[in-house]
1. What accessible surface, in Å², does a 1.4 Å probe find on MET139, ignoring ligands, DNA and RNA and rounding to the nearest 10?
2. So what's the back-of-envelope 222 nm ellipticity for the chain, counting only DSSP H runs of four-plus at -39500 (n - 2.57) apiece and dividing by all residues, rounded to 500?
3. Suppose every K and R has +1 on its Cβ and every D and E has -1 on its Cβ; what is the size of the dipole of the range 121-179 about the Cα centre, in Debye to the nearest 20?
4. Counting heavy atoms of the protein chains only and a 1.4 Å probe, report the per residue accessible area for the range 1-74 as a whole number of Å².
5. Percentage of Cα-Cα pair distances in the range 44-148 greater than 23 Å, rounded to whole percent?
6. Would you mind computing the Rg to Rh ratio of the range 1-95 from its alpha-carbon coordinates, Kirkwood style for Rh?
7. How large is the dipole of the chain about the Cα centre if only Lys and Arg carry +1 and Asp and Glu carry -1, each at its Cβ, rounded to the nearest 20 debye?
8. From the Cα trace of the chain, what convex hull volume per residue do you get, rounded to a whole Å³?
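The values are calculated or read from the model by the stated rules, or taken from the named source; none is laboratory data. A quick note: this is a predicted structure, and the numbers were derived from the prediction, not measured. Backbone-built Cβ (ideal geometry, glycine too); neighbour counts: all protein chains shown. Calculation scope for accessible area: heavy atoms of the full protein, side chains included, ligands and nucleic acids excluded. Shrake-Rupley method; radii C 1.70, N 1.55, O 1.52, S 1.80 Å.
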Amino acid sequence: MAETTVDEVLAELAALDEPKARAVNEKHGDDHGVNLSKLRAVAKRLKTQQDLARELWATDDTAAKLLAMLICRPKAFERAELDAMLRTARTPKVHDWLVNYVVKKSPHAEELREAWFADPDPVVASAGWALTTARVPAMTEGLAELLDVIEKDMKDAPDRLQWAMNHCLAQIGIEHADLRARAIDIGERLEVLKDYPTPPNCTSPFAPVWIAEIVRRR
């Protein structure tokens, strides 16, 4: 499949675009209509193709960018390249997949985590928080300071950053029993995502409920 061109892939993705799926995705800020199972099937057929992945990312097509992250070699990207990619990741799904499928597997992940965590752009900062949350289970220090920042800043943070900080709060409460009471107290006082609409059989993102439910399951 090495001869597959970007235009051929874009045409295939366009044929897979479904209006109903697009309508659902657009409610979450994602401007594509390709069923993700079908997208993964395309990726499975294409296998790993780093050059094609770079070309797909360079398009302005969200489905193409998602596909790029499924066929790329995460360790092949330079630090500056990943930084630039994050800053042009317009939609939530592209942003999330880039952090979780690519950056987390990169040798530059820790450098980028530190740089993004303090970035003035709240969407970039949210990536730094997401990478920090991934480190929480193994962390033995710095957790109280993270809770200090969450307690001070989460209530008024922009949506994407607030969501990432809340995830970190829940993760600290879940993974570190000695800090659980403080994490729950912060969540209860700030009430971030307390009224978030949660489907049946799903766990609420409200940190006190989230923490209690995961701890109960364990």
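1. Taking all protein chains as shown, MET139 has close to 30 Å².
2. -19000 deg cm²/dmol
3. Working: 4 positive and 10 negative charges, 38 e Å.
That gives the range 121-179 a dipole magnitude of about 180 debye.
4. 55 Å²
5. Counting every Cα pair in the range 44-148, those more than 23 Å apart make up 27 percent.
6. Details: Rg = 12.9 Å, Rh = 13.5 Å.
Computed over Cα atoms, the ratio is 0.95.
7. Values: 30 positive and 36 negative charges, 181 e Å.
Result for the chain is approximately 860 debye, rounded to the nearest 20.
8. Considering the Cα atoms of the chain, their hull volume per residue is 135 Å³.
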